Amino acid sequence: MKILVIEDEPKVSAFIKQGLEEQQYEVEVAFDGLIGKKLALKNHYDIILLDVIIPYQNGLELCKELREHDVQTPILMLTALGTTDDKVTGFDAGADDYLVKPFEFQELLARIKALTKRASGLIQNANTLKVADLELNLDRKTVNRGGQEIMLTAKEYALLEYFIRNKGRVLARNEIAEKVWDIHFDTGTNVVDVYVNFLRKKIDKDFPNKLIHTQIGMGYIFKET
């Protein structure tokens, strides 16, 4: 398994590289965003570990640009910025997971294994999920409704996929936050509601048959009316 580490702190990158190589991973290191982008676009990697604060092009901009170039490699963001807003910003840029510094190496390893397992699972089970006139293509990561292509961010796509896979089941907000973001949000935040509203505007607003429904006091349910 080949991993690209984009991290400008020599001690941190050396720590990660040594630990991963001891686990039999092949590791390449880039110390700034421009070199990292060049490597990520040129070579195939199983996962990219990307620091947020790096020279020339920060991690958020780089993550977004890689997704715009259709790089589907799982991206794990590494950063000292750990507020809920910071995490949401990272996910919205296209990151698959978020690990706050300082972290234990075993936690990093667990996140890497989870992301690579999830990615390989999608490849092995590549197909199209369909509800009513909505189609989600797991190969191309595209969404169509009524023959119209709908552009989603990485996190909107993940949320929609989770809804479809749990069609007809009431999903509580904390469950959605845990399963889609892989983190526990404070009960006071409305990030799940915000993203559900983003999704509604894109897949429901212009169509008579609504798919996302609010269950007052319980959460949301994805179903045909």
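The values are calculated or read from the model by the stated rules, or taken from the named source; none is laboratory data. Quick caveat, the model's predicted, so the values are computed rather than measured. Here the Cβ is made from the backbone with ideal geometry for all residues, glycine too, and neighbour counts use every protein chain on show. Quick note on the areas: whole protein, heavy atoms, side chains included, nothing else; ligands and nucleic acids left out. Shrake-Rupley method; radii C 1.70, N 1.55, O 1.52, S 1.80 Å.
Some values worked out for this structure:
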| item | result |
| --- | --- |
| Cα-based helix-to-principal-axis angle, 10-22 vs the chain, degrees rounded to 10 | 80 degrees |
| Zone residues, region 189-208, relative to ASP85, backbone N less than 18 Å from point 7 Å out along Cα-to-Cβ | 189-195 |
| Furthest towards positive pole of dipole, THR128, LEU152, GLN24, structure part the chain, Cβ charges | THR128 |
| Surface share of carbon and sulfur [accessible, 1.4 angstrom probe, percent] for the chain | 50 percent |
| Share antiparallel - DSSP beta bridges, the chain, percent rounded to 5 | 50 percent |
| Cα centroid of region 12-49 to Cα centroid of region 57-81, whole Å | 13 Å |
| Gaussian network model of the chain, Cα within-10 Å springs - most flexible of LEU78, LEU62, LEU41 | LEU41 |
| Degrees, to the nearest 10: 191-203 long Cα axis against longest axis of the chain | 60 degrees |
| Charge dipole (debye, nearest 20) of the chain; +1 at Cβ of Lys and Arg, -1 at Cβ of Asp and Glu | 820 debye |
| Segments 14-22, 30-38 sorted - mean Cβ within 10 Å per residue, highest first | 30-38, 14-22 |
| Probe 1.4 Å, all protein chains present, accessible-area order of THR225, THR79, largest first | THR225, THR79 |
| Pairwise FRET efficiency - GLU104 versus TYR162, Cβ, R0 = 22 Å, nearest 0.05 | 0.20 |
| Mean Cα-pair separation over length for region 23-80, i.e. relative contact order, pairs under 8 Å, 6 or more apart, % | 40 percent |
| Region 137-212: trypsin sites (Lys or Arg not before Pro) falling in loop per DSSP and having at most 14 other Cβ within 10 Å | ARG140, LYS167, ARG169, LYS205, LYS210 |
| When each of LYS87/LYS179; LYS130/LYS167; LYS155/LYS202; LYS38/LYS101 is checked by Cα-Cα distance, pairs over 19 Å | LYS38/LYS101 |
